[in-house]
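Notes follow once the structure below has been shown.
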Amino acid sequence: MKMKIYYVLGAGLVLGLMATTGRLAAQDGDNLFANPGFEDTKEVDLTSGYFNSAINQGVNLGDEMVVQIPVNFDQFSATKLFKVVSGKPGEDVHSGNNALLIDGGFYDRCTFPVQPGEIIEVHYFIKVPDSTGDSSVKVGVSFNLPGPDGVSLGMIEAKEPQVQVFPGSGWNEIIQEMVVPPLENINTAVFRFASTAPVLLDDVVVRLQH
């Protein structure tokens with residue numbers, strides 16, 4: 001049995017933890033997350049540039065000096081571990097060939113126009129590796145709101161910004177909703193994911209409900 005964890009920000013509701021064998025599809029619009037299963041990757045050289053600087057700051061990108069990263073990766077954010085992994089669907093990955101092994105945060109080039117009052121709905125699948133060592137891990141998606149001058153106006157988060165998942169629970173479907181706040185000069189939202197320990201992330205869906 002798959003476990004679905006559903007947190008909503010709207011009328012202040014937290015719908016809690018539900019068990020299900022099915023999947024709940026987001027209702028409106030196309031998936032704004034262009035590379036949901038991290039199947040599309042690009043090769044990066046770790047011997048110089050941004051990724052070499054990240055290694056020097058403690059980000060684990062693997063043992064090779066040339067690695068694959070998701071094509072829509074934007075930047076690290078308090079990241080400790082970041083690797084594209086491949087394996088068996090339903091076990092090592094949720095579906096397809098790839099998943100992202102991540103400890104900490106990262107930004108994706110999932111950027112889209114928003115207006116105050118709109119609801120952003122995010123679905124994604126999480127698995128905590130048995131090797132994580134933690135009794136539980138917290139994960140969450142948020143969105144940065146850059147202003148016209150590029151300076152952040154703030155972050156959008158669900159009412160429960162961090163969802164707790166456990167080793168040995170298999171693949172968990174996480175659903176979070178958040179409302180775009182009534183701030184001036186909001187025009188875009190930028191995707192950020194974060195975890196408190198290593199997790200596998202796969203099949204991300206971001207939809208805007210008008």
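The values are calculated or read from the model by the stated rules, or taken from the named source; none is laboratory data. For clarity, every value in this text was computed on a predicted model and none was experimentally measured. Virtual Cβ from ideal backbone geometry, glycine too; neighbours counted across all protein chains shown.
Within segment 141-154, is there a residue that is among the β-branched types (V, I, T) and modelled with pLDDT under 95? Yes, segment 141-154 contains at least one residue that is among the β-branched types (V, I, T) and modelled with pLDDT under 95.
Residues in segment 49-70 that are part of a loop (DSSP other than H, G, I, E, B), small (G, A, S) and farther than 19 Å from G105 by Cβ: there are none. On inspection, G154 fails the criterion of being of a type outside the set (A, V, I, L, M, F, W, C) and either part of a loop (DSSP other than H, G, I, E, B) or buried (at least 17 other Cβ atoms within 10 Å of the Cβ) (or both). Exactly one residue among Q68, Q75, Q115 is among the polar types (S, T, N, Q) and under 16 Å from the mean Cα position of the chain (by Cα), and that residue is Q75.
Scanning segment 90-127 for residues that are under 18 Å from F73 (Cα atoms) and among the acidic types (D, E) returns D103, D108.
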